[in-house]
1. Check off (1) exposed (fewer than 14 other Cβ atoms within 10 Å of the Cβ); (2) hydroxyl-bearing (S, T, Y); (3) not in a helix (DSSP H, G or I) for T281 and give me the number that stays unchecked.
2. Can you tell me which residue among R223, R241 is within 23 Å of A299 (Cα to Cα) and at pLDDT 95 or above?
3. Does at least one position in the range 191-206 carry a residue that is over 30 Å from K230 (Cβ atoms) and of a type in the set (A, V, I, L, M, F, W, C)?
4. Of the conditions (1) more than 28 Å from R170 (Cβ to Cβ); (2) in a helix (DSSP H, G or I); (3) basic (K, R), R94 satisfies every one except a single condition; which number is it?
5. Out of all the residues in the range 22-41, which are open to solvent by 20 Å² or more (accessible area, probe 1.4 Å) and either touching a strand residue (DSSP E or B) at 6+ places or on another chain (Cβ under 8 Å) or under 22 Å from E92 (Cα atoms) (or both)?
6. Working carefully through the options E64, E137, find the one that is modelled with pLDDT under 95, part of a helix (DSSP H, G or I) and more than 24 Å from R172 (Cα to Cα).
7. Being in contact with a helix residue (DSSP H, G or I) (Cβ under 8 Å, 6 or more places away or on another chain) and surrounded by 14 or more Cβ atoms within 10 Å (Cβ to Cβ) is the filter here; which residues of the range 201-220 pass it?
8. Would you point out the residue of the range 155-179, among those that are open to solvent by 60 Å² or more (accessible area, probe 1.4 Å) and touching a residue at least 60 places away in the same chain (Cβ under 8 Å), that is farthest from G40 (Cα to Cα)?
Amino acid sequence: MMHMKYELRDYQKEAVNAATTFFASRCKENAIIVLPTGSGKSLVIANIALALDAPVLIFQPSKEILEQNYGKLCSYGFSDVGIYSASFGRKEIRSITFATIGSVKNCKEYFMRFKYVIVDECHYVNPGQGMYKDFFEAIKVKILGLTATPYRLYSSKNFGSQLKFLTRTRPRVFSSVIYHVQIAELLRRGYLAKMNYYQLNIVDTSRLKLNSLGSDYSEESLRQYYHESKFNDSLENIVRRLLKAGRSSILVFTRFVDEAQSLTNALGKDAAIVSGDMPKTERELTLKRFKAGYIKVVANVGVLTTGFDFPELATVVIARPTMSLALWYQICGRAIRPYKDKVSWIVDLCGNFKRFGRVDSLYLHDTNHRGAWAVFNGNKQLTNTWFE
């Protein structure tokens, strides 16, 4: 017997209903559901899987997110659920199986009986080539993707770069949007935290060079600019001012380890680094101390953009410029979860706010009412248009 522990919100029920209707329909094409960060995607995935009548394979992009979503489904009391992932040291096939693509790519035959496939964070699926494409071609079933950022980066030598909406890429894996909810709607209803944005123009991006793809700023030009402008001193000064203003948990997104090291050395015991190079146990211990309030500032390099759940977090400092809308959204999304009377501060030092605007103003729009979806902020179109 299942133990229903959660009362789904109306939009979560609508997303689950849209998914089950899609899987039951005769339509052969794949589809996506777009749910913003903080909307309870793991609950929606659990309820979709529980509502289906046959084996369900659920792909997760990382061990951390798999663990989170697996735990959510198990909390319903459903026992016929397994994990097929080398990073867990588990290779179980159950009625509902959570998997990572790298672990199943060479054993497609085990999953031929599966009737349904769900892909979480489906913007990682490369429609042109790769492990997902090979697997989908072998298993030949309808696929449902879920994401908060429904676009991928494309670059051209002649034209530059643009973000293409997932249903508008050529080739494409997903053909339609079957359900979405706007960020502003969730904010209006109190499901997301209020966010204040502070733009401090410390970095002049006009002085930076682009990388060879034209898709973001080059590492070399950024290092040089940081050195010439004494960026580390400015960053330290701003973080100290935030601490003085009573902001107790501050998550800083830096581009380089030495930039993070400079900040934490200056702040002493109040600060620590988290990076992809650290052993996982050390990283987890640091984050545990951060959440408990023993550490006030975490300088984070290349991690904590997805799957880091800390509702109390109310201050994010963005100390790296980017041309990636997904990265901007994911960074701001770390502070978007509501907690008591929380008002989050997003402190941008690098011109990102000017480029992308408030994340709570991002919205999806079908530009011709026939499936030509795009992401906008106000009147500014951010996908399916060449970068400025």
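1. Result: T281 passes all but (3).
2. R241
3. Within the range 191-206 (the criterion being over 30 Å from K230 (Cβ atoms) and of a type in the set (A, V, I, L, M, F, W, C)), the answer is yes, since at least one residue qualifies.
4. The number of the failed condition is (2).
5. Within the range 22-41, E29, N30, K41 qualify.
6. Testing whether each residue is modelled with pLDDT under 95, part of a helix (DSSP H, G or I) and more than 24 Å from R172 (Cα to Cα) leaves just E64.
7. Within the range 201-220, I202, V203, L208, N211, Y217 qualify.
8. Only one residue fits best here, namely F159.
The values are calculated or read from the model by the stated rules, or taken from the named source; none is laboratory data. All figures in this text were calculated on a predicted structure; none of them were measured in a lab. Glycine gets a Cβ as well: all are built from the backbone with ideal geometry, and neighbour counts include every protein chain shown. For accessibility, only protein heavy atoms count, side chains too; no ligands or nucleic acids. Shrake-Rupley method; radii C 1.70, N 1.55, O 1.52, S 1.80 Å.
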